[in-house]
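This report refers to the structure that appears directly beneath it.
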Amino acid sequence: AQSVTQPDIHITVSEGASLELRCNYSYGATPYLFWYVQSPGQGLQLLLKYFSGDTLVQGIKGFEAEFKRSQSSFNLRKPSVHWSDAAEYFCAVGTYSGNTPLVFGKGTRLSVIA
Amino acid sequence: GAVVSQHPSRVICKSGTSVKIECRSLDFQATTMFWYRQFPKQSLMLMATSNEGSKATYEQGVEKDKFLINHASLTLSTLTVTSAHPEDSSFYICSARDGADQPQHFGDGTRLSIL
């Protein structure tokens, strides 16, 4: 069965510092991987996705993620965090089929301090 | 890019009322839409998969008579919370994919508060 683990429930970083949010997945085939961000009271916004090809993918808002098959990981990174990045971040894994919903991790809450 | 519109964004109503939430794909057709429920500070819990022209597929533990789903067209799915009670208060989010190799796009969610 597919599963996604986000080991960190809550992370606090200083504004301007670098960020890495961890994501590990369990999946029987080549996964489709996603990172979403959710601000309080809002829906989810897609940050980036990996389907195939280059294992380092660039997303919106200066985020990037690297797919490492050997480690079953898809960690999200940003070199310099802004206060507006404070939000909940969800990693998700899916299949090619449009009828199958994504499987989400439990999320990591990011707090940014001055 | 693909846009999913959800309405209303917030509902406050009395216990016993039925509430309908709409989910529309604005610039693409979605044969499948997904309904999630999210409790405070928790992840999304899939409630059901909505299939255009057929019955929805409910996840284990979700009462299909309580949460009625209708997917009458390729751009609209509705979730009706029947005879809502305070324990139904939650954040409900819909989602759709605009192709087999595309990500899920989410609506902005509906905050349901039952008094």
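The values are calculated or read from the model by the stated rules, or taken from the named source; none is laboratory data. Because the structure is a prediction, the values reported are computed rather than measured. Neighbour counts run over all protein chains shown; Cβ positions are idealised from the backbone, glycine included. For accessibility, only protein heavy atoms count, side chains too; no ligands or nucleic acids. Shrake-Rupley method; radii C 1.70, N 1.55, O 1.52, S 1.80 Å.
For chain B, the Cα gyration tensor yields ellipsoid semi-axes of 23, 14, 13 Å (square root of five times each eigenvalue, largest first, whole Å). At a probe radius of 1.4 angstrom, the accessible area of the protein assembly as shown per residue rounds to 48 square angstrom. Each principal axis of the Cα atoms in the protein assembly as shown has its own extent, and those three values, largest first, are 49, 39, 31 angstrom.
Kirkwood Rh over Cα pairs of the range B:1-63 into Stokes-Einstein at 25 °C, 0.890 mPa s: D in µm²/s?
179
Given the protein chains as shown and a 1.4 Å probe, how many square angstrom of residue B:13 are accessible, to the nearest 10? It works out to around 20 Å².
Model label points for residue B:45 and residue A:3, set 7 angstrom from Cα along the Cα-to-Cβ axis, are 1.9 nm apart.
Separation of the range A:17-79 and the range B:73-115, taken as the distance between their Cα centroids, equals 24 angstrom.
Expressed in Å, the radius of gyration and Dmax of the Cα atoms of the range A:1-73 are 13.2, 38.
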